[in-house]
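No value in this document is a laboratory result; all are computed from the given coordinates. Not measured: the values here are computed from a predicted model. Every residue, glycine among them, receives a Cβ derived from its backbone with ideal geometry; neighbour counts consider all protein chains shown.
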Amino acid sequence: MQKEFSIGNSGDFSNLSKLAIIVALQKEAQPILQAFSGEYKSWQDYGVTFIQGKIASNNNENSAILTICIAGMGKCAAAAAAQALIIEAKPQVLIFSGIAGALNPRLNVGDIVIGKNLHYLETNTQIIADCAPYKEVFESDSKLCDLAANQAKLLGFRLEKSLQESSSAACDFSAESKQSASNKSENGVAYVCGNIATSDQFNTDPKVLDAVREEVFGDCEEMEGAAVAHIAAKNSVPFLAIRAMSNRCGESYESLDVHKDDLVLAANRAGSLTLSVLNALVK
């Protein structure tokens, strides 16, 4: 039976002194390093890399300590790293910044998903919900989502409908959808406030991908987000997920080697929005 459990959502985000960012890969951390206002330190512990320093508001009136954790790929690595980061840094806000594969045909390489809801795939979530924090689906903090969406607008990004909003759960990559997606780069950066699907697999089977669209309205798929959101909820730390699209789901993992520039572009795009959110939080 599901029980009540406070997860620290929609709190007061004024006067923050400790913030944390978790990423899977070094390339996802790289663009965020420019947030530091001076020197920063780096060390390894718990099998992960930590980077810590001071960040300041644009007018230098306010500041906070930012800790970045490079977790490695996969749900287990991400969950372990998230718990280590929370113990080490005691953050008041935890943000996941990184890349993902697009499921929503409105999204092109470099477009953004602000993850309102994060879903485990290949998981009996009803059993997991028998234990604290008693949840089958994990959410980003609603105020942090609103803040991220506002920062996306200020960056000039264009709001698109999520799969859930458009009720297009069964979207396939029809000629019309492909044309829509292929034109996005000409119209600037798009973002959606939608659902993130977290898998232990790099899924390429069209039937599997369609099922993810239909069952959880997944706008993108990755391998860490729900696990980090889960640990944040267990520790009552407000959480936010920001993902930029590095590819469209359906491509093989090996094919990403041909599109390494897209991986860097996506990491930088997620990082740019994350930096804007950080600036707003220490304003």
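With a Förster radius of 25 Å, plug the Cβ-Cβ distance of residue 214 and residue 126 into 1/(1 + (r/R0)^6) and report the FRET value to the nearest 0.05.
0.85
To the nearest 500 deg cm²/dmol, what mean residue ellipticity at 222 nm is calculated for the chain from DSSP H runs of n ≥ 4 alone, each contributing -39,500 (n - 2.57), summed and divided by the residues?
For the chain, the value works out to -9500 deg cm²/dmol.
Relative to 2.2 N^0.38 Å, what does the C-alpha radius of gyration of the chain come to as a ratio? Two decimals please.
Relative to the 2.2 N^0.38 Å estimate, the chain comes out at 0.94.
Most exposed first by the Cβ proxy, i.e. fewest other Cβ within 10 Å, how do 123, 274, 67 rank?
123, 67, 274
Taking amide H atoms as placed 1.01 Å from N in the peptide plane, list the residues 5 or more away in sequence, or in a different chain, whose amide H sits under 5 Å from that of residue 224.
It is 199, by chain and number.
How far is the Cα center of the stretch 246-263 from the Cα center of the stretch 185-221, in Å?
With the stretch 246-263 and the stretch 185-221 each reduced to a Cα centre, they are spaced 15 Å.
Determine the relative contact order of the stretch 17-121: mean sequence separation of Cα pairs under 8 Å and six or more apart, normalised by residue count, in whole percent.
Relative contact order for the stretch 17-121 comes out at 34 percent.
Looking at the stretch 22-85, which GluC sites (Glu not before Pro) are DSSP coil and have at most 16 other C-beta atoms within 10 Å of their C-beta?
Qualifying residues, ordered by number: 61.
Would you list 220, 131, 69 from fewest to most Cβ contacts within 10 Å?
Ordered from fewest to most neighbouring Cβ atoms within 10 Å, 220, 131, 69 come out as 131, 69, 220.
For residue 18, list long-range residues whose amide hydrogen, built 1.01 Å from N in the peptide plane, is under 5 Å from its own amide hydrogen.
Excluding prolines and chain starts, which carry no amide H, the hits are 65, 92.
Filter the chymotrypsin sites (Phe, Trp or Tyr not before Pro) in the stretch 204-283 to those in DSSP coil with at most 13 other Cβ atoms within 10 Å of their Cβ, and list the result.
253
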